[in-house]
Amino acid sequence: MQAVILAAGKGSRLHPITTNRSKAMLPILGKPIVERVMEDLAANGVDEFILVVSPDDRQITHHFRRDAELQAEVRFVYQPQRLGMANALSCAAPLIQGDFILSACDNLTSATQVATLLEAWRKPPPAAAVLALMHISPEQVSSAGIVAMDGEWVTRIVEKPQPADAPSDIASLPLYCLPQSLLDYLPEVRPSPRGEYELQDAIQMLIERQGRVRGVILNSRLVLTSPADLLAINRHYLVEGNHLPQIQPQRVGANTKLVTPLYIETGVVIGRDCVIGPNVYIERDCNIGDGARLRDAIVLRGTVVAAGADLRDQVVS
């Protein structure tokens with residue numbers, strides 16, 4: 001089965017940590033978040049990925065051509081301008097050969113929840129599409145696509161409504177099982193007031209013309225929109241413990257304590273009298289000065305942490 005991953009976003013709200021790399025390439029314990037998303041799909045039989053990327057993002061193409069561990073075919077298409085999800089999908093359309101999964105690069109669920117979505121796609125009566133859904137708080141309604149439901153069926157989807165106009169508190173997440181026929185509706189999508197081509201408009205056309213769009217409510221997800229999210233996602237992976245810890249610093253000074261869970265990449269130099277951890281992830285080639293204290297922190301690649309620094313609940317670069 002094919003999957004399309006939308007990975008062309010710059011991640012403006014993550015600035016300055018996206019100054020030198022895209023949101024898709026921000027690390028989750030040694031792997032870009034986009035690869036973590038793809039792993040959950042590959043665990044459910046997806047063997048071909050189409051990545052929609054920015055023409056400027058050479059790091060992502062380099063990673064999947066040379067460094068990625070994913071056992072699947074990966075092809076790239078470019079979105080010249082960031083004009084919304086429907087526009088991004090239209091860029092991938094020439095490579096799509098049948099029904100497919102669509103996911104954003106910053107939306108992590110789990111392999112188990114992807115399996116639930118695919119079960120809903122395959123079960124009778126047949127669905128034209130399956131949408132991943134989640135209950136959200138009232139303050140989140142105006143920043144999401146909100147659905148109206150009739151039992152398990154989605155009858156309407158409204159992009160970013162005012163709370164008073166929202167048909168429910170159920171949001172559509174950027175994870176879908178979609179028919180190839182949805183691509184026929186993309187040319188009819190018109191720009192929203194913010195100048196973007198919204199995928200929800202195409203899905204609404206699908207609902208009106210083909211019906212039977214099934215919704216599956218998920219109980220959890222991790223989404224990357226801010227530095228605090230990057231901290232939370234890495235902490236989740238550290239604490240969950242499903243990934244082997246990596247503690248491979250190049251050098252550790254005298255009297256330094258390493259408190260697990262930790263993930264430290266190669267080329268890291270740690271000074272003396274430091275306390276590192278718990279819940280710390282240090283990317284490669286960093287230098288941690290003498291007497292530094294790090295807890296619940298991420299140190300991105302090549303960063304120098306000053307001697308005596310006390311970092312907690314921070315992403316530093």
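The values are calculated or read from the model by the stated rules, or taken from the named source; none is laboratory data. All figures in this text were calculated on a predicted structure; none of them were measured in a lab. All Cβ positions, glycine included, derive from the backbone under ideal geometry; neighbour counts span all protein chains shown. Quick note on the areas: whole protein, heavy atoms, side chains included, nothing else; ligands and nucleic acids left out. Shrake-Rupley method; radii C 1.70, N 1.55, O 1.52, S 1.80 Å.
With a sphere of radius 13 Å drawn around the Cβ of E159, what net charge do the other residues whose Cβ falls strictly inside it have (Lys, Arg +1; Asp, Glu -1)? That sum, taken over residues with Cβ under 13 Å, equals 0.
The share of C-alpha pairs in the range 1-53 whose separation exceeds 15 Å stands at 49 percent.
In the full protein context, the range 215-317 carries 48 Å² of accessible surface per residue, based on a 1.4 Å probe and ignoring ligands, DNA and RNA.
Extension gain, R209 to T266: 0.36 nm times the residue separation minus the Cα-Cα distance gives 15.1 nm. Of the beta bridges DSSP finds with both residues in the chain, what % are antiparallel, to the nearest 5? So the antiparallel bridges in the chain amount to around 35 percent. Mind pulling the angle between the C-alpha long axis of helix 111-122 and the longest principal axis of the chain? Nearest 10 degrees, somewhere in 0 to 90. Once rounded, the angle reads 10 degrees.
Note on D165 and E119: their simple-model spin labels are 3.7 nm apart, each label 7 Å out from Cα toward Cβ.
Only DSSP H runs of four or more residues enter the estimate; each adds -39500 (n - 2.57), and after division by the residues of the chain the mean residue ellipticity at 222 nm equals -5500 deg cm²/dmol.
Placing unit charges on each Cβ (+1 for Lys and Arg, -1 for Asp and Glu) gives the range 217-297 a dipole about its Cα centre, and among T225, A254, I276 the Cα reaching farthest toward its positive end belongs to A254. Each Cα pair under 8 Å and six or more residues apart adds its sequence gap; the mean of these over the residue count of the range 187-309 is a relative contact order of 15 percent. With R₀ fixed at 30 Å, the C-beta to C-beta distance from I247 to A306 puts the FRET efficiency at about 0.85.
Tell me the relative contact order for the range 51-129 as a rounded percent, counting alpha carbon contacts under 8 Å between residues six or more apart. Normalised by residue count, the contact order of the range 51-129 is 28 percent. Rolling a 1.4 Å probe over the protein heavy atoms of the range 216-314, with every protein chain left in place, gives an accessible area that is 46 percent carbon and sulfur. Once you divide the Cα radius of gyration of the chain by 2.2 N^0.38 Å, the number left is 1.07. Across the range 150-217, how large is the tail of the calculated P(r) beyond 14 Å, expressed as a percent of all Cα pairs? For the range 150-217, the share of Cα pairs beyond 14 Å comes to 61 percent.
Distance between the modelled labels on S12 and Q140, one decimal in nanometres: 2.2 nm (7 Å Cα→Cβ projection).
With an a/c value under 1.5 for the gyration tensor axes a ≥ b ≥ c computed over the alpha-carbon atoms, the range 257-317 is described as rounded. Taking amide H as placed 1.01 Å from N in the peptide plane, G145 has its amide H under 5 Å from the amide H of K160, S172, each at least 5 places away in sequence or on another chain. Computing Rg and the Kirkwood Rh from the Cα coordinates of the range 13-152 gives a ratio, Rg/Rh, of 0.96. The label-point distance for D47 and V223, in a model that sets each label 7 Å from Cα toward Cβ, rounds to 3.3 nm.
3J(HN,Hα) couplings calculated from phi for the range 15-25 with the Karplus curve 6.51 cos²θ - 1.76 cosθ + 1.60 (θ = phi - 60°) are, in sequence order, 4, x, 6, 9, 4, 10, 7, 6, 4, 4, 9 Hz; Gly and Pro show x.
Once the Cα atoms are used to define both axes, helix 199-210 deviates from the longest principal axis of the chain by about 30 degrees. Computed over the chain, relative contact order equals 14 percent, with contacts defined as Cα pairs under 8 Å that lie 6+ residues apart. Exposure check, 1.4 Å probe, all protein chains in place: D47 carries approximately 90 Å² of accessible surface.
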